[in-house]
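What follows is a single structure, written as structure tokens, with notes after it.
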Amino acid sequence: MNILEAQKISKRFGTAEVLSDVSFSLTGGETLAILGASGSGKTTLLRCLNFLERPDEGRIILRGDLLYDAALHDKYDDKAIREKRLHFGFVFQSFNLFPQYTAFQNVVLARELAAKTTPEYAADKKKTIEEIHREGMEILDQIGLSNKRDFYPYQLSGGQQQRIAIARALAMRPDILCFDEPTSALDPELTGEVLKVIRSLADKNTTMLIVTHEMQFAREVADTILYMDEGMVIEYGTPEQVMDNPSSDRTKRFLERYTAE
Amino acid sequence: MSFIQVNLNLWNGFQNTLLIFALTLIFSLPLGLLISFGSMSKYRLLRYPINILIWIVRGTPLMLQIMVIFYVPGLIFNAPIASRFNAVIIAFALNYACYFSEIYRGGIQSISKSQYEAGQVLGMTKAQIFFRVILLQVIKRIIPPMSNEIITLVKDTALARIIVVVELLKEAEILATRGMIWPLFFTGVYYLAFVGILTLMFNYAEKRLQYFRA
């Protein structure tokens, strides 16, 4: 069954149509790479799914149930939007770690805050927090940064910061993990460690949406590729279909430009 | 009058100086935050009046404000403010709240939108994002301008004497009218010592927040 179905997502900024009728679906464990030139709307698409932007039209179906309908947006209050958001994890291009917290605190902060309203916390605060911390350490281990747990973001390299940002997103146990150009803000020699973490998540069947410019990486890791231009889906298929036999000239030109780099 | 006797007199006035200083901060620090939220509100009906208030308070002398708050309620509404000291505190708290609000606003607006978004995608509430993520970064950034303003407050307390609230300087003036001039100049030692202690405290606060960069 599909974990996620995005149906006809549209978004305008003023009169500029940034997304028009974008639809796609994700099955459990699938990795979808979203490709496209700057300004093609791919980041906006990701931000719409996390409600950082408000879609003008479209529906989001999660595991067969309606999660979000743009037509009903005004009926959702802050709390409803927050709960919907938690199905998605988001990794930013520029990491956006909280500078005043250590790597470990960055990972567990939101979980701790969220836990405070749960019955488990009311029953046994200490146990709930210990459980969150244990899980936080497990995730740090998983991304290979448990030795940096007490480092502050400024003490970490860009690649390490981005890995902590991935850990922070994972800690909320999202259904779908979204990456917005996770390596674009990194020096070339630091992209490898981040891509390695994403690859290992793919191997563990994490459901992921990745906006990226790393063509080779997309080909390797993605099960499906969605190519966008001017807010529209131009190609949607397996890496072989999209990258080896693109159906449109636009895609061909795009691929030539980026694979040549 | 001995040196010690003079200092006992000055100390009496200085206690009032300290009280004006402390009460002004206690009221104006949180009030300033509310005013800064008001001045950033998306609702014009809130934002415009708040901005006019800030304009009036920053656009007129504090000395005039003290007089207006002390005399005008009695003159116009026939409801005089019973206590001169309360009038001073109201005027100071309002005046400093408006200055603080602008410093807060600058600090809050200097924090990147992406910090809010990072909190949002982690399901944090607006209050959690503000108090757990944004506030400490704002505090770190506004310590230098705030310490400036708070040091100015130490010296502004001397304006209370305009409606005969006896603080340090007024106390020295009373001695001067009895023919003893030097205590007037000696008050400078009190102000300098006080500001010196505050400066050390601000330096300490800045050091304490050096553990992160933002």
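Things worth noting here:
- In the range A:184-230, the residues that are in contact (Cβ under 8 Å) with a residue 24 or more places away in the chain, charged (D, E, K, R) and open to solvent by 40 Å² or more (accessible area, probe 1.4 Å): A:D187, A:E193, A:E214, A:R219, A:D223, A:E230
- Restricted to the range B:1-15, and to residues there that are of a type outside the set (A, V, I, L, M, F, W, C) and closer than 19 Å to B:R178 by Cβ, the residue that is modelled with the lowest pLDDT is B:S2.
- Restricting attention to the range A:25-60, the residues that are assigned to a strand (DSSP E or B) and out of contact with any helix residue (DSSP H, G or I) (no Cβ under 9 Å at 6 or more places or on another chain) total 4.
- Residues that are within 7 Å of another protein chain (Cβ to nearest Cβ) and either among the acidic types (D, E) or over 22 Å from A:L170 (Cα atoms) (or both), drawn from the range B:111-120: B:E117
- When the range B:121-143 is filtered for residues that are facing another protein chain (nearest Cβ under 8 Å), over 16 Å from A:T117 (Cα atoms) and open to solvent by less than 40 Å² (accessible area, probe 1.4 Å), the ones remaining, listed by number, are B:V121, B:V133, B:Q137.
- Scanning the range B:95-115 for residues that are of a type in the set (S, T, Y) and crowded, with 18+ Cβ neighbours inside 10 Å yields a total of 4.
- Condition met for B:A193 (touching a helix residue (DSSP H, G or I) at 6+ places or on another chain (Cβ under 8 Å) and in a helix (DSSP H, G or I)): no
- Scanning the range A:102-131 for residues that are of a type in the set (F, W, Y) and either over 28 Å from A:S184 (Cα atoms) or at the interface with another protein chain (Cβ under 8 Å from one of its Cβ atoms) (or both) returns a single hit, A:Y121.
- Residue within the range B:82-94 that is surrounded by fewer than 18 Cβ atoms within 10 Å (Cβ to Cβ), touching a residue at least 24 places away in the same chain (Cβ under 8 Å) and within 14 Å of chain A (Cβ to nearest Cβ) present: no
- Meets criteria (in contact (Cβ under 8 Å) with a residue 24 or more places away in the chain, within 14 Å of chain B (Cβ to nearest Cβ) and out of contact with any Ser or Thr (no Cβ under 7 Å at 6 or more places or on another chain)) for A:Q155: no
- Filter pass, B:G13 being under 28 Å from B:L135 (Cβ atoms), of a type in the set (G, A, S) and in a helix (DSSP H, G or I): no
The values are calculated or read from the model by the stated rules, or taken from the named source; none is laboratory data. These numbers come from a predicted model, not from an experiment. Heads up, the Cβs are rebuilt from the backbone with ideal geometry, glycines too, and the neighbour counts pull from every protein chain shown. Accessible surface areas use protein heavy atoms only, side chains included; no ligands, DNA or RNA. Shrake-Rupley method; radii C 1.70, N 1.55, O 1.52, S 1.80 Å.
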